Amino acid sequence: MEPKQPAPDQPEQESLHEEIHLPPPTLWPLGFAIGIVVVLVGLIINPVLISSIGGAIAIVFAALWARDATAELRGRPISVEPERRDLRPAGEGETAAPADQQGAALPEPEPGERFPRSRFLEGATLGLGGLIGGIITVPIAGFAVLPSFLGQKRHEVDLGPLSTFPEGDWYIATFMTDPSQGEVSRRTAFVRNNGVFQNEPSFTIISNRCAHLGCPVQANGPSGQILGKKTVSEHTANGQVTLLPVVPAGFGCPCHGGQYDTEGNRTAGPPVRALDRYSFEVRNGRLILLSTFSVSHVDGSGAQAQIHKYRLAGPGEHVDGPEQWFYPLQPPHH
Amino acid sequence: MAYRRQPSRAQIRRERMEELVLYPLDWLEERSGLVGGIRYFLFRKVPGDINWMQTLGSAALTAFLVQAITGVILAMYYKPTPTDAYPSIQNITDHVTLGWMVRGMHRWGASVFIILMFLHMGRVFLFGAYKYPRELNWIVGVLILAMGMMEGFTGYLLPWDQTAYWATVVGINLNGTAPFLGPFLAQFLRGGQEIGADTLTRFYSLHMLLIPGGIMGLIGLHLYLVIRLGVTSPPWSREAAGAEHAEEEPVDLRPGLTRPVPRGIAAAQAEPGGSE
């Protein structure tokens, strides 16, 4: 492939003698701009008076500007003040050397010479740039990361009066943890009234979040109308709360087949611990869910159950045994 | 002085048309050097014995560009809020003109992009093209693959149907089981302790701004390294194995993709006298 040789340049003689069409220097645009500014300010302060004055200024200066700009078209000569330079005296019979052939104005720097000023400017540029970058980046990074961890709200859930939970019956309760967020905050728990134990009401309240990877665990057993019990649906502070009667033989997860017994103990499949539970209290005769905690396993059942309780951990995280050392820290949680 | 025929009218017209086309290009080239730069990028010399397998990278790049363009258009109709996300997807699919097609291109193109990246990776591995001096480009490519998968993860949530929601629950919790910092990563991805509106907008922002921006930067670096280091010959290449003529006869190299030399001549010269 041969590179194309450019054709030898043809000097364009005409262009050297072209007339210069410079508009003469003029100050009128400045006045025009001031007039426009006055118009705009007047629109806010006093549209009638000040804007009219501004408009008049703008029109007058625009006319003057137009007169100057069209001077050549109207055949008037343009007078441009020539630029003056002092002549450099040349010696007898010689002409002054062109600027680029005279000696350097400054001596050449020594090889390897460093100028403290340039080094200072380099450092200042990098340092100041880094500082500005840091000042900008830190709040942005904080904005991106911190809201996920700070100010997590604690949500209480009102499941309604105790009388809707007959002793020994299981219900699938669904509720919104945060009604301001809407249906996206709807959660499910399995609730059983264990009766009164040592003068305290006892409930088994199991979260349906699978301890494997967080899928929704389902009750293994019939639910709803077929049981001949009524489904309760009421409006509380936690949106529409529904209580669906169910007779579970255990709980199972549809995603990866994790199985649990009615106390939430893992019986088969990949989960690493028992199902999480809700702590609760009875306030004014109503069942209030407080917060969730994790459970390694449960001994016994019902009101006499021995619950091995741990702070809330994410699905798939061991809370006991040597594997728990992989999760020494938990992010702030309500 | 040689006799020159008067140019015919058709010739003059063609010259004028050429001038008309070239003038803006010349204008651009004189001021930016962009035309030369693009020529340098597109019409590089490559080994004469490359084959179709070496087009997989360009194919993956094309798939990425399709994702970028269709994604920009989908963003004009999609609404990333828990109440509007799924209805807006239904609207795109059922009502917006050709919405079903653009969404389909984006949805299936995502798989095409990932598959092509894997095929490209396999080609680079089997050709040994990851070896010195191209190790860094392998690393950059792996980062692009990882970010492509992050695109898949974040994009999967956006239809906001049951599959999307629970797949994201599982995906985030999988991240959460990573030792030590896993729980923090999961909470960062969720934008809080529960999946909700913040998770959706966060995934949307990651999916359409942060990760694609990162991929574009890495693709730029990837291509820069390809241009700087050149394309590898296949492992069966005689020239690359040091066969004679290869160094002395630059005829082996195609002068460019536009004007290949006759393959017969190049092949005959590359053959070292029928030694095999």
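Where a number appears in this text, it was derived from the coordinates with a stated rule and is not lab data. The shown structure was predicted, so the numbers you read here are calculated from the model rather than taken from an experiment. Glycine gets a Cβ as well: all are built from the backbone with ideal geometry, and neighbour counts include every protein chain shown.
Once you order the gyration tensor axes a ≥ b ≥ c over the Cα atoms, which shape class does the stretch B:83-192 get: rounded for a/c under 1.5, otherwise prolate or oblate by comparing a/b with b/c?
oblate
May I ask you to order B:68-78, A:171-181 by the average number of other C-beta atoms within 10 Å around their residues, highest value first?
Sorting B:68-78, A:171-181 by mean packing, highest first, produces A:171-181, B:68-78.
Among all the lysines, which ones have a C-alpha under 28 Å from B:Lys131's C-alpha, if same-chain residues fewer than 8 places away are not counted?
Leaving aside lysines fewer than 8 places away in the same chain, those within reach of B:Lys131 are B:Lys45.
Please give me, ordered by residue number, the chymotrypsin sites (Phe, Trp or Tyr not before Pro) of the stretch B:168-229 that lie in loop per DSSP and have at most 13 other Cβ atoms within 10 Å.
Passing both the DSSP loop test and the Cβ count: B:Phe180.
Rounded, prolate or oblate: which one fits the stretch A:157-316, using the alpha carbon gyration tensor with axes a ≥ b ≥ c (rounded when a/c is under 1.5, else prolate when a/b beats b/c, else oblate)?
rounded
Please state the shape class of chain B: rounded when a/c is under 1.5, otherwise prolate if a/b exceeds b/c and oblate if not, all from the C-alpha gyration tensor.
Taking the square roots of the gyration eigenvalues as a ≥ b ≥ c, chain B is oblate.
From the phi of every residue in the stretch A:41-49, what ³J(HN,Hα) in whole Hz does the Karplus formula 6.51 cos²θ - 1.76 cosθ + 1.60 yield, where θ is phi - 60° and glycine or proline is x?
After applying 6.51 cos²θ - 1.76 cosθ + 1.60, I find 4, x, 4, 8, 7, 8, x, 6, 7 Hz.
Under the definition of partner shielding as Cβ atoms of other protein chains within 10 Å of a residue Cβ, what is the mean value for peptide B:170-178?
Working: counts 9, 2, 4, 11, 4, 2, 9, 12, 4.
Counting other chains' Cβ atoms within 10 Å and averaging over B:170-178 gives 6.
Just counting partner chain Cβ atoms within 10 Å, what average do the residues of peptide B:182-190 show around their Cβ? Each step should come with its number before you reach the end.
Working: counts 5, 9, 7, 1, 7, 9, 7, 1, 2.
Taking all residues of B:182-190 together, the mean is 5.
What's the average, rounded to a whole number, of partner chain beta-carbon atoms within 10 Å of each residue's beta-carbon in A:304-314?
The per-residue average across the peptide is 1.
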